[in-house]
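What follows is a single structure, written as structure tokens, with notes after it.
Just so it is clear, none of the values below were taken in a lab; they were calculated from the coordinates. Computed from a predicted model, the values in this text were never measured in an experiment. Because the Cβ atoms are built from the backbone with ideal geometry, glycine has one as well, and the counts that use them run over all protein chains shown.
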Amino acid sequence: MQDDLYDVAIIGGGPAGSTAAALLARAGRRVIVLERERFPRFHIGESLLPSLSSIFERLGVRQKMDSMFMRKYGGEIAAACGTRDVRFYFKDGFRSRNDHAYQVSRAEFDQMLLENARVNGAEVREETAVVKLSLGKEQVTLETSSASQQTATVTARYLIDCSGRQTIVGNLLKLKRSYQNLQKFSIFAHYENVDRPEGIDGTLIRMIRGLNHWIWMIPLTPTKMSVGLVMDTAVFRAQKISPQEMLERSIDEQPLISERMLRSERVTSVQSAGDYSYRNTQLYGARFLLAGDAAAFIDPVFSSGVYFAMMSAEKAADTVEAILCHPGRARGLLRSYQRSVNRVMKMYLSFVNSWYSGREFMEVFMNPTDILQIAPAVNSLLAGDASGSFAVRWRMWLFYFFVRAQRYVPFSPRLTLEPPKRGQEAPKGSAVTA
Ligand SMILES: Cc1cc2nc3c(=O)[nH]c(=O)nc-3n(C[C@H](O)[C@H](O)[C@H](O)COP(=O)(O)OP(=O)(O)OC[C@H]3O[C@@H](n4cnc5c(N)ncnc54)[C@H](O)[C@@H]3O)c2cc1C
């Protein structure tokens with residue numbers, strides 16, 4: 001056996017990479033993480049889901065989460081026309097076990113998790129990009145290039161690709177498929193001094209849904225707010241204006257947002273991201289697994305990205321550990337990994353497709369009903385309940401049925417989703433989900 005052979009090499013030190021690294025290193029495996037950036041570095045993806053709490057517990061970072069980041073107790077979704085809004089609290093979700101999640105500065109969150117991987121015994125090389133990859137039958141070989149232009153070769157028995165939207169293995173093996181109906185463009189920045197309600201309602205993620213766009217407001221600290229816009233890539237291109245102009249125009253024409261931003265000041269540059277929503281057709285090979293965004297990414301609307309990244313990385317780490325202990329069971333373990341990760345991805349895909357299907361999602365969502373506990377089931381999906389229990393699934397089928405039926409028979413009042421004209425106040429209704 002080679003002396004320099006690692007048990008597991010991991011590409012990428014984001015939430016997926018650092019989760020897998022910490023768990024495998026703690027199990028006594030020789031693990032190396034190759035990360036092309038030096039942390040802390042900016043990253044988008046700031047609003048987390050309550051279901052992450054068991055992974056934070058397992059990683060031993062629960063107390064750090066509480067001391068470093070703001071709690072989030074739920075969310076608020078409002079129609080751009082200003083006529084309806086709905087607040088939901090995680091405590092009210094179907095058989096809810098967690099009443100809060102967190103909203104994080106990703107620079108600090110990712111650095112804390114990467115440091116945790118180091119403390120647990122993983123070797124972490126920052127400013128080290130993987131530039132070439134060879135996937136053999138017995139081992140994987142990675143060529144790296146560091147900031148000082150030095151090259152090196154790393155060999156490992158297994159590879160977990162956690163390279164995020166770079167999807168290194170997916171691109172190499174041509175496994176990546178984009179969702180053409182979800183080709184969106186996003187523009188975002190951080191602001192100080194955006195007004196927000198007192199108490200728990202001041203912690204909620206706020207989403208304003210327009211006809212062909214939506215805007216998020218994510219409180220990151222008691223004074224800092226992340227504000228972002230998501231719209232069809234084609235619609236953005238047709239405007240022929242810069243991302244900054246587009247963001248400013250969208251904020252300005254939406255009173256539900258601009259009224260809270262009268263005293264605010266932008267404290268970061270305006271950034272953008274495009275071409276997301278894809279999946280890889282295969283999530284494993286003889287010597288590799290894909291996790292996090294490197295496996296799939298389905299639109300940021302329900303803040304499921306970091307949850308999906310850490311959940312899949314936890315499963316990937318457990319799968320590799322089981323294979324290293326029982327090599328003869330590798331095939332079945334890898335298949336079961338892919339099946340369980342795809343199941344969660346499909347659940348969010350259905351939800352996201354419903355959100356973008358037209359006005360009907362909002363019309364139904366804005367009128368939550370106690371009937372058959374459909375609203376708490378939707379709430380539990382918003383909290384990241386990926387248990388896939390039948391009790392939640394059949395309620396979600398009913399919800400999707402109502403959204404489809406609403407197109408033909410309006411059970412709920414119609415919404416224009418157009419911002420009211422200046423000086424014209426919209427009649428307001430609000431609801432809290434059960
Ligand atoms: C507009 C937008 C808004 C979002 N909002 C949310 C949100 O509110 N909540 C949420 O949960 N998610 C959100 N997401 C999704 C979230 O950003 C991702 O799902 C999450 O970061 C995935 O984690 P990861 O570890 O898989 O990948 P990443 O966090 O992207 O980490 C991958 C790492 O791999 C490294 N890397 C890449 N290539 C190489 C290489 N060749 N060599 C070495 N290292 C490499 C990168 O530097 C990076 O650090 C959003 C995404 C977008 C686009």
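Where is the GNM fluctuation largest for the chain (alpha-carbon springs, 10 angstrom cutoff): Ile241, Ile32, Ile251?
Ile241
Let me spell out the model: positive unit charges on the Cβ of Lys and Arg, negative unit charges on the Cβ of Asp and Glu, origin at the Cα centre of segment 184-274. What dipole size does that give, in debye rounded to 20?
280
If I stretch the segment between Thr221 and Glu418 completely, what's the gain in nm (0.36 nm per residue apart, minus their alpha carbon distance), one decimal?
Stretched out fully, the Thr221 to Glu418 stretch lengthens by 67.9 nm.
With a bin width of 20 angstrom, please list the P(r) values of the chain as percents of all Cα-Cα pairs, from the 0 bin to the one holding the largest distance.
25, 56, 18, 1
Give, rounded to the nearest 20 debye, the magnitude of the charge dipole that the chain has about its Cα centre when Lys and Arg contribute +1 at Cβ and Asp and Glu contribute -1 at Cβ.
Roughly 1240 debye for the chain.
Please list, in order along segment 220-237, the HN-Hα scalar couplings obtained from phi with the Karplus expression 6.51 cos²θ - 1.76 cosθ + 1.60 (θ = phi - 60°), rounded to whole Hz, x for Gly and Pro.
Coupling constants for segment 220-237: 9, 9, x, 10, 9, 10, 8, 10, x, 10, 10, 8, 4, 4, 5, 5, 4, 4 Hz.
If you stretched the chain out fully between Ser350 and Arg41, how much longer would it get, using 0.36 nm times the residue separation minus the C-alpha to C-alpha distance?
Working it through step by step, the gained length comes to 108.0 nm.
Specify the angular offset, from 0 to 90 degrees and rounded to the nearest 10, of the alpha carbon long axis of helix 390-406 from the longest principal axis of the alpha carbons in the chain.
That helix lies at roughly 40 degrees to the long axis.
Using a 10 angstrom cutoff on alpha carbons, build the Gaussian network for the chain and name the most mobile of Gly332, Gly210, Gly121.
Highest fluctuation among the options: Gly332.
Charges on Cβ only, +1 for Lys and Arg, -1 for Asp and Glu, centred on the Cα centroid of the chain; of Leu247, Tyr284, Met310, which one is farthest towards the dipole's positive end?
Tyr284
7 Å from Cα along Cα→Cβ at both Arg393 and Arg263: what's the point-to-point distance in nm?
For Arg393 paired with Arg263, the spin-label model returns 5.1 nm.
How much length, in nm to one decimal, is gained on full extension between Gln282 and Asp370, taken as 0.36 nm per residue of separation minus their Cα-Cα distance?
27.7 nm
Once you wrap a convex hull around the alpha carbon atoms of segment 184-274, what is its projected area averaged over all directions, in nm²?
Spelled out: convex hull of the Cα atoms, projected over all directions, averaged, 5.5 nm².
Using a 10 angstrom cutoff on alpha carbons, build the Gaussian network for the chain and name the most mobile of Leu159, Leu23, Leu262.
Result: Leu262 has the largest fluctuation of those listed.
Pairing the Cα long axis of helix 330-355 with the longest principal axis of the chain, what angle in degrees results, from 0 to 90 and rounded to the nearest 10?
20
For Arg118 and Lys240, what does the FRET efficiency come to when R0 = 41 Å and r is the distance between their Cβ atoms, rounded to the nearest 0.05?
0.30
Roughly how big is segment 1-100's charge dipole about its Cα centre, with Cβ charges of +1 (Lys, Arg) and -1 (Asp, Glu), in debye to the nearest 20?
The calculated dipole for segment 1-100 is roughly 280 debye.
So how tilted is helix 243-252 from the main axis of the chain? Cα-based, degrees 0 to 90, rounded to 10.
With rounding to tens, the tilt is 30 degrees.
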